[in-house]
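Student: So that we are looking at the same thing, I have put the structure below in structure tokens.
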Amino acid sequence: MTSLPTSPLAANVGFNAVVVAVTAEVPRVLTVTAKDLADTERDPVIAGLPYGRLDSAGDRTLELGLRRTVTEHSGLELGYVEQLYTFGDLHRDRGGLRDRRREISVGYLALVRESALGGGAARWRDGYEFFPWEDWRDGRPAVLDRELAPAVERWIDEADGAPARTERRERAEIVFGLGGVGWDGERVLERYELLYEMGLVAEAWRDRAAAGRPATRPPGLPQLGQALVIDHRRILATALGRLRGKLRYRPVVFELLPATFTLLQLQKTVEALAGVPLHKGNFRRLVEHGGLVEGTGTLETQTGGRPAEMFRFRREVLRERPAPGVGLPGVRSG
């Protein structure tokens with residue numbers, strides 16, 4: 001007789017928030033001190049994304065629980081929020097199943113304007129600290145050729161047999177834009193996961209140690225970007241890729257701007273998120289002809305240069321077009 005399966009494990013349900021702002025042309029991410037999530041014997045950092053547990057009796061919806069979580073960590077009251085993904089890989093808590101409960105985290109993306117924080121454990125950080133290979137605004141990032149490309153070649157050479165080496169090379173060239181392949185800014189998560197597989201991020205070695213696997217990093221193997229606790233950098237990569245994609249078909253960028261702004265402010269905000277420089281003339285034609293903005297009849301004179309016209313987001317476009325994004329009209333030349 002076939003034995004009956006044991007009772008399924010219950011789960012701890014929590015939240016992770018990727019809270020993004022753009023300040024002075026820098027994409028900023030809200031982080032918190034995460035001592036209760038970090039294994040301090042293995043983790044070189046104790047920073048993470050805002051996190052918390054679902055109050056099954058008090059949180060009427062998951063989103064309200066998320067908003068409560070962020071406010072408790074930082075004092076911020078969130079505006080725009082969207083559910084991102086549910087993260088629930090086995091042993092993602094790295095300490096094994098706590099009290100036979102699996103750790104499930106519902107990830108959210110929130111867009112805000114940066115403000116002072118009320119929580120002592122919270123701080124704003126440059127998002128490209130975690131993904132330095134993602135910022136192409138000043139040209140191809142040096143880390144790609146200086147550290148990543150040689151490591152990719154070693155990883156390819158270590159493959160077992162010619163077919164495996166061919167498969168690895170194709171993956172690396174597509175994901176990282178190597179070998180003449182164009183760069184796809186939306187592949188943020190794919191790049192992080194390949195770096196993890198190659199052992200080029202600190203999280204890979206922490207997880208190997210936690211699983212009882214060999215975790216001695218080979219000499220000279222680079223560790224790229226700033227680490228976060230548990231799988232929080234994977235969550236952040238998921239959010240950045242989602243956000244870059246949404247720029248093309250949803251007017252989410254206006255959540256990060258004041259009520260009135262110049263077209264240059266708008267362009268610089270888009271560039272900060274997309275990680276690429278845009279052609280100024282093409283960008284302005286796209287947003288103006290697409291009905292995304294309207295002039296206010298006032299001028300910005302605070303810059304000390306030539307006064308620039310102030311614009312506002314034209315909300316009527318939400319009724320007029322099914323996909324009113326700003327688009328990414330090519331990188332500028334020179």
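The values are calculated or read from the model by the stated rules, or taken from the named source; none is laboratory data. From a predicted model like this one, the values you see are computed outputs, not experimental measurements. Reconstructed Cβ throughout: ideal geometry from the backbone, glycine too, with neighbour counts over all protein chains shown. These area figures cover heavy atoms from the full protein model, side chains too; ligands, DNA and RNA do not enter into them. Shrake-Rupley method; radii C 1.70, N 1.55, O 1.52, S 1.80 Å.
Student: All but one of (1) crowded, with 22+ Cβ neighbours inside 10 Å; (2) assigned to a loop (DSSP other than H, G, I, E, B); (3) of a type outside the set (Gly, Ala, Ser) hold for Leu240, so report the exception by its number.
Tutor: Unmet for Leu240, out of (1) crowded, with 22+ Cβ neighbours inside 10 Å; (2) assigned to a loop (DSSP other than H, G, I, E, B); (3) of a type outside the set (Gly, Ala, Ser): (2).
Student: Within the range 181-204, which residues are buried (at least 19 other Cβ atoms within 10 Å of the Cβ) and acidic (Asp, Glu)?
Tutor: Glu203
Student: Still on this structure: Residues of the range 70-95 being surrounded by 17 or more Cβ atoms within 10 Å (Cβ to Cβ), at pLDDT 90 or above and either in contact with a His (Cβ under 6 Å, 6 or more places away or on another chain) or not hydrophobic (A, V, I, L, M, F, W, C) (or both), which ones?
Tutor: Passing the criteria: Ser74, Tyr85.
The rows are residues; the columns are (1) among the β-branched types (Val, Ile, Thr); (2) in contact (Cβ under 8 Å) with a residue 60 or more places away in the chain; (3) not in a helix (DSSP H, G or I).
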site	(1), (2), (3)
Arg208	no, no, no
Ala215	no, no, yes
Gly220	no, no, yes
Leu228	no, yes, yes
Gln267	no, no, no
Thr296	yes, no, yes
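Student: Is there any pair linking a residue in the range 150-164 that is within 18 Å of Pro219 (Cβ to Cβ) to one that is open to solvent by 100 Å² or more (accessible area, probe 1.4 Å) and in a helix (DSSP H, G or I), with Cβ under 6 Å and at least six apart or on different chains, and which?
Tutor: none
Student: Return only the number of the condition from (1) modelled with pLDDT under 90; (2) surrounded by fewer than 19 Cβ atoms within 10 Å (Cβ to Cβ); (3) among the acidic types (Asp, Glu) that Glu114 does not satisfy.
Tutor: The single condition Glu114 does not satisfy is (1).
Student: Which of the residues that make up the range 226-237 are open to solvent by less than 30 Å² (accessible area, probe 1.4 Å) and touching a Pro at 6+ places or on another chain (Cβ under 9 Å)?
Tutor: Ala227
Student: So Leu178 clears everything in (1) of a type outside the set (D, E, K, R); (2) crowded, with 17+ Cβ neighbours inside 10 Å; (3) over 20 Å from Arg234 (Cα atoms); (4) in contact with a Pro (Cβ under 9 Å, 6 or more places away or on another chain) except one condition, right? Which one?
Tutor: Only one criterion is unmet by Leu178, namely (4).
Student: Can you tell me how many residues in the range 256-275 are closer than 21 Å to Phe131 by Cβ and either at pLDDT below 95 or open to solvent by 30 Å² or more (accessible area, probe 1.4 Å) (or both)?
Tutor: 1
Student: With respect to Ala142, determine if the residue is on the phi < 0 side of the Ramachandran plot, aliphatic (A, V, I, L, M) and open to solvent by less than 50 Å² (accessible area, probe 1.4 Å).
Tutor: no
Student: Yes or no: Leu257 closer than 30 Å to Arg206 by Cβ, within 22 Å of the chain's Cα centre (by Cα) and of a type outside the set (Phe, Trp, Tyr)?
Tutor: Numbers: closer than 30 Å to Arg206 by Cβ: no; within 22 Å of the chain's Cα centre (by Cα): yes; of a type outside the set (Phe, Trp, Tyr): yes.
Judged against the criteria, Leu257 is not a match.
Student: Could I ask something else about it? Take the range 243-265 and flag every residue that is farther than 17 Å from Glu288 by Cα and assigned to a helix (DSSP H, G or I).
Tutor: Of everything in the range 243-265, those that are farther than 17 Å from Glu288 by Cα and assigned to a helix (DSSP H, G or I) turn out to be Leu243, Arg244, Gly245, Lys246, Glu255, Leu256.
Student: So how many residues does the range 205-223 have that are open to solvent by 50 Å² or more (accessible area, probe 1.4 Å) and under 21 Å from the mean Cα position of the chain (by Cα)?
Tutor: Total meeting the criteria: 1.
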